[in-house]
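Below is one structure, written out as structure tokens, with a few remarks after it.
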Amino acid sequence: MSKQYDIVIAGGGVIGASCAYQLSKRGNLKIALIDAKRPGNASRASAGGLWAIGESVGLGCGVIFFRMTSAKNRREAAGAAVSVDATTPHILPKSFFDFALASNDLYPALSQELISKHGMDFKFEETGLKFVIYDEEDQLYAEHIAAQIPHLSSQVRWLDQAQLRESEPYISHSAQGALEFLCDHQLNPFRLTDAYTEGARQNGVDMYFNVNVTGVKRQGSRVTGVHTAEAGEFSCQTLINAGGSWANELCQWATDTSIPVSPVKGQIVLSEKMPKLLRGCITTSDCYIAQKDNGEILIGSTTEDKGYDVSTTYPEIQGLVQGAIRCLPELKNINIKRCWAGLRPGTPDELPILGPVDGVEGYLNACGHFRTGILTSAITGVLLDKLVHHETLPLDITPFLASRFSQQVVRHADEPSYA
Ligand SMILES: Cc1cc2nc3c(=O)[nH]c(=O)nc-3n(C[C@H](O)[C@H](O)[C@H](O)COP(=O)(O)OP(=O)(O)OC[C@H]3O[C@@H](n4cnc5c(N)ncnc54)[C@H](O)[C@@H]3O)c2cc1C
């Protein structure tokens, strides 16, 4: 017999978990969260950076992505529909800044809420993010970024060499300075997903883990539920697709249309616990480095077009470690605790895919969060809750609708851009 729910959420990574948590807070809906725990789940692989400005201006994994690979490879890796200039930052459109910054603003209160109401601490830390400048090319790159975001100047600070050394004493003497983003912080991504999930569970959401959605039930143009391999049939009023890199399969079953979500592999190295070497998060033209609240140092991340492969590979790990030691020479003494790889749910324009699909009822997308799904999970949960309840949204999601692909809109052409 079919299990009856108001909402079924397919995918229990950080996005599905955030949707489950926000929807469960009202207490008016019967909700099921179904997750298959597939290898490569991005939320378990993430660095936990809340780099709202850094990621919007193409730093984070973007530096490696756009400066160290050829233009052809870059386009293929992301499936991007446009050519980009490798010497200038890859700055995302205004709609993404608004989305990322709105989500970032939610974290201090969300952290308090999940601790006080659910006893879950995702270790939110106010760290800032520094782009370390080694040479003239880095300097020009940083200047270009700063010039594109004058409206965020209160969140941007230039550090000369002496100021950088005072702020981060362990950084290499070869660093000439840094561009710092003051509102870009970090958290523990494992704990964030756990916190949303546990909060949702305490609010009454039913969890179905190690369960695969294998098909979608429909009546005419309405989605009415899902089939699963391990837990039978589910009926629902609304299906939320939070399937990460596997979201296209769910979308096809639900709507007979495709969404261009594809896996973009990222590898990470994690050290054993170290004494405090970093006060803030660091990004360079080679890698990013973040010391987590427990002392472990995380070095990321590659950006690779390898399908669903989640192997860890020597040349890529070596490249990350060399880049990290160049920045923080003390790291040559670290013991590596483990390395891993995960699959970012990439889209051609690097924007998420949110909301309804034309002509289909009872179905909402919450996918395609690429390299910022930890950061943007907070606002995504809020948006999906409001979409389900047909309430006014805190920001315009038109740029994130799946229909932008069927309309073959050229990337960002019809919306304001900072680039
Ligand atoms: C190396 C790396 C570093 C990153 N660093 C950062 C960072 O610093 N900051 C940041 O904001 N973001 C970062 N990201 C990106 C972020 O991790 C992702 O955007 C985010 O985790 C996506 O979450 P998700 O829930 O959409 O996908 P996932 O976490 O992949 O979850 C999707 C889930 O759906 C399940 N699923 C799919 N299909 C089905 C089905 N048919 N039935 C049942 N279950 C199904 C899968 O098993 C999976 O568990 C990073 C990613 C990687 C890989």
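Under a plain spin-label model, where a point goes 7 Å from the Cα along Cα-to-Cβ, how far apart in nm are Leu140 and Arg157?
2.9 nm
With charges set only on the Cβ (+1 for Lys and Arg, -1 for Asp and Glu), what does the dipole of the chain come to about its Cα centre, in debye to the nearest 20?
With only Lys, Arg, Asp and Glu charged at Cβ, the dipole is about 940 debye.
May I ask for the net charge around Gly368, where only other residues with Cβ less than 13 Å from the Cβ of Gly368 are counted and Lys, Arg are +1 while Asp, Glu are -1?
My count for the surroundings of Gly368 gives +1.
What percent antiparallel are the DSSP beta bridges of the chain, to the nearest 5?
70 percent
Under the rule of at least 5 residues apart or a separate chain, name every residue whose amide H is placed under 5 Å from the amide H of Ile171.
none
Lys and Arg at +1, Asp and Glu at -1: add these up for the other residues within a Cβ distance under 14 Å of Leu343 and post the number.
Charge balance near Leu343 sits at +3.
List Ser2, Ser245 from most exposed to least, where exposure is judged by having the fewest other Cβ atoms within 10 Å.
Ser2, Ser245
Cβ under 15 Å from Gln155's Cβ, Gln155 left aside: what net charge do those residues give with Lys, Arg +1 and Asp, Glu -1?
Neighbourhood net charge equals -4.
For Cα pairs less than 8 Å apart in space and 6+ apart in sequence, what is the mean separation divided by the residue count of the chain, i.e. the relative contact order in percent?
Answer for the chain is 26 percent.
For segment 248-258, in order, what is each residue's ³J(HN,Hα) by Karplus, 6.51 cos²θ - 1.76 cosθ + 1.60 with θ = phi - 60°, in whole Hz (x at glycine and Pro)?
Karplus values, whole Hz, x for Gly and Pro: 4, 4, 5, 5, 4, 4, 7, 10, 6, 10, 9.
Out of His389, His118, His369, any idea which swings most in a Gaussian network model of the chain, alpha carbons joined below 10 Å?
His389
Taking Lys123 as the anchor, which aspartates and glutamates have their alpha carbon closer than 20 Å to its alpha carbon, excluding any fewer than eight residues away along the same chain?
The qualifying aspartates and glutamates are Asp105, Glu113, Asp184, Asp194, Glu198, Glu272, Asp293, Glu296.
Could you state the orientation-averaged shadow area of the convex hull built on the Cα atoms of the chain, in nm² to one decimal? Please list the in-between numbers first.
Numbers: hull surface 75.9 nm².
For the Cα atoms of the chain, the hull's average projected area reads 19.0 nm².
Rounded to the nearest 20 Debye, what is the dipole magnitude of segment 145-216 about its Cα centre when Lys and Arg each give +1 and Asp and Glu each give -1 at the C-beta?
Computed charge dipole of segment 145-216: roughly 60 debye.
Could you pull the Rg and Dmax for segment 283-419, using just the Cα atoms, both in Å?
My reading of the Cα-based Rg and Dmax gives 19.2, 58 Å.
What's the FRET efficiency of Ser406 with Asp105 using the Cβ-Cβ distance as r and R₀ = 25 Å, to the nearest 0.05?
Details: r = 32 Å, r/R0 = 1.28.
My answer for the efficiency is 0.20.
Between Lys306 and Ser116, what FRET efficiency comes out of the Förster formula 1/(1 + (r/R0)^6) with R0 = 51 Å and r the beta carbon distance, rounded to 0.05?
According to the calculation, E is roughly 0.75.
Can you give me the distance in nm between label points at Tyr314 and Trp340, each placed 7 Å from the Cα along the Cα-to-Cβ direction?
2.4 nm
How many lysine pairs are close in segment 251-397, with Cα atoms under 12 Å apart and the two 8 or more places apart or on different chains?
Lysine pairs meeting both conditions in segment 251-397 amount to 4.
Fully extended, how many nm does the chain gain between Lys276 and Glu330 (0.36 nm per residue separation, minus their Cα-Cα distance)?
18.3 nm
Need the list of aspartates and glutamates near Lys217 for cross-linking: C-alpha distance under 19 angstrom, and skip anything on the same chain fewer than eight residues off.
Of all the aspartates and glutamates, those that pass the test against Lys217 - Cα under 19 Å, at least 8 places apart if same chain - are Asp6, Asp35, Glu230, Glu233, Glu249, Asp256, Asp358, Glu361.
Quick note: the coordinates plus some simple rules give every number you see, no bench work behind them. In this text the structure is predicted, and so the values were computed from the model without any measurement. Positions of Cβ are backbone-derived with ideal geometry, glycine not excepted, and every protein chain shown enters the neighbour counts.
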